[in-house]
1. What are the GluC sites (Glu not before Pro) within region 1-74 that DSSP puts in a loop, where the Cβ has at most 11 other Cβ atoms within 10 Å?
2. With axes computed from alpha carbons, what is the tilt in degrees of helix 59-68 against the longest principal axis of the chain, rounded to the nearest 10 within 0 to 90?
3. State the volume of the convex hull built on the alpha-carbon positions of the chain, expressed per residue in Å³ and rounded to an integer.
4. So which aspartates and glutamates can Lys6 reach, going by Cα to Cα under 15 Å and dropping same-chain residues fewer than 8 places off?
5. Sum -39500 (n - 2.57) across every DSSP H segment of at least 4 residues in the chain, then divide by the residue count to get the 222 nm mean residue ellipticity, nearest 500.
Amino acid sequence: MRRKVKLPLYISWRQLKEVIGWAYSRAHTMDRLERLPHDPFPSHGKIGPHRNSHPIWYTPAVLDYFERHGLPVPEDIEFS
């Protein structure tokens, strides 16, 4: 039986690590993987205008990146 996975449209760093299972650190993700010349990790945005605002990522773009790189992705996804 398939189970629906509810994910928010934008995910925080903690959700990226705990819910989706991202294995890399913040520095490796934001400073290295987002700046690759070929097939970069999706760019992050900020919740607010302050420089210390939490980074967030667009969930469908992250899941598309996972599919392109052969990483596990839940089958039935419902965005909330």
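Laboratory data are not the source of any read-out in this text; all were calculated from the coordinates shown. Here the structure is a predicted model, which means the values were calculated and not measured. So basically every Cβ, Gly included, is an ideal-geometry build from the backbone, and we count neighbours across all protein chains shown.
1. Working: sites: Glu18, Glu34, Glu67; in loops: none.
Passing both the DSSP loop test and the Cβ count: no residue.
2. Roughly 80 degrees, rounded to the nearest 10.
3. Values: hull volume 7.6 nm³, N = 80.
Cα convex hull per residue, to the nearest whole number: 95 Å³.
4. Leaving aside aspartates and glutamates fewer than 8 places away in the same chain, those within reach of Lys6 are Glu18, Glu75, Asp76, Glu78.
5. Numbers: 1 runs with 10 residues, N = 80.
For the chain, the value works out to -3500 deg cm²/dmol.
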